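Chemist: Quick one: the structure is below, and I'll ask about it shortly.
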Amino acid sequence: MLLSIPIYFLLCYASQAQEEETYYATNFKPGLKWDNNIVYNIFATTDTEKFSNFVRDSIRTFTSKFKSPLNWIEEPNWDRLRQNRRYFIFNEHDVDIEDPCYLSTPSAIGPSVLFIGINDVCGTAENMAGILETLGFGLTILRADRDEHVKIIWENIGPITAAMLNQTETYFMKSTNEAFSIYDVASVLHPSAYYEDAIDPEKPIFEPRNPVNAVGLNLRNEERQPTKMTSASLMQFMGPKKVIKNILIFLPVMHHFIW
């Protein structure tokens, strides 16, 4: 009878261990989770019709490439727009300032603003990344498990970029979906290994730990396209809000990279 007691506890412990779920790092933030319907406005500073068509085309491209479940509802009336708890503003970006592609300022309440510009430098990848960041996604390179997948070449990085890369996001949402065990180096949210502001632009600023990721990591920004992995992230992150247990939710401060 005495021998049966430790065996019983051992079996209970083993059973409990099997029930424990494994959580994987993601690059999206539960504090910024949206519902399926997104009300938006377009604010142009120059040619209103040209910029409005550019924004609408970007939304259509985003929906198509990611097979997005989001329903974008354009609201040109500012008073009605502000009646929504959250809303999205596409603001024409001054292409003469330092970062010509986009600047994202997401918010958990009120306006989330994406500044984007029409120019010859920025392509589809930049527009898609800007929309994703404004929806609450973060850069893949800031995932908490980043160093398990890529090796940062710190000696080829300036102090400003180094400070940003040191701030990996521990408040990103975690997921039990095994798909997130993959670190998506080819994502539009992952910068290229070759960075024009590196100390030596001809050399990479990071390299893959797993050689199979080398091709995706070495893609230039203009070569990056939404991948199946990023699309899976969108499908899990968006949609009706759900209660997320055992996860601390913080209102994040957006980090913006100039790649």
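The values are calculated or read from the model by the stated rules, or taken from the named source; none is laboratory data. Please read these numbers as outputs of a predicted model, since none were measured by experiment. Note that each Cβ is placed from the backbone with ideal geometry, even for glycine, and that neighbours are counted across all protein chains shown. For accessibility, only protein heavy atoms count, side chains too; no ligands or nucleic acids. Shrake-Rupley method; radii C 1.70, N 1.55, O 1.52, S 1.80 Å.
Chemist: Compute, for the stretch 130-219, the length of the dipole vector about the Cα centre, with Cβ point charges of +1 (Lys, Arg) and -1 (Asp, Glu) only. Units Debye, rounded to 20.
Modeler: With Lys and Arg at +1 and Asp and Glu at -1, about 200 debye.
Chemist: Let me ask something additional. Send over a whole-number figure in Å² for the accessible area per residue of the stretch 103-199, probe 1.4 Å. Walk me through the intermediate numbers first.
Modeler: Working: 3750 Å² over 97 residues.
Here the per-residue accessible area is 39 Å².
Chemist: Quick one: which of Lys65/Lys203; Lys29/Lys67; Lys67/Lys174; Lys29/Lys151 span more than 28 angstrom between C-alpha atoms?
Modeler: Lys65/Lys203
Chemist: May I pose another question? I'd like the accessible area for Met235: 1.4 Å probe, protein heavy atoms, all chains in place, Å² to the nearest 10.
Modeler: Its heavy atoms expose roughly 110 Å² to the probe.
Chemist: Still on this structure, I have one more. If I model a spin label at Asn218 and Lys151 as a point 7 Å from the Cα along the Cα→Cβ vector, what separation in nanometres do I get?
Modeler: It is 1.6 nm.
Chemist: What do you get for Rg/Rh of the stretch 48-157 when both radii come from the Cα atoms and Rh is the Kirkwood radius? List each step's numbers first, then the result.
Modeler: Working: Rg = 16.0 Å, Rh = 15.7 Å.
Radius of gyration relative to Kirkwood radius: 1.02.
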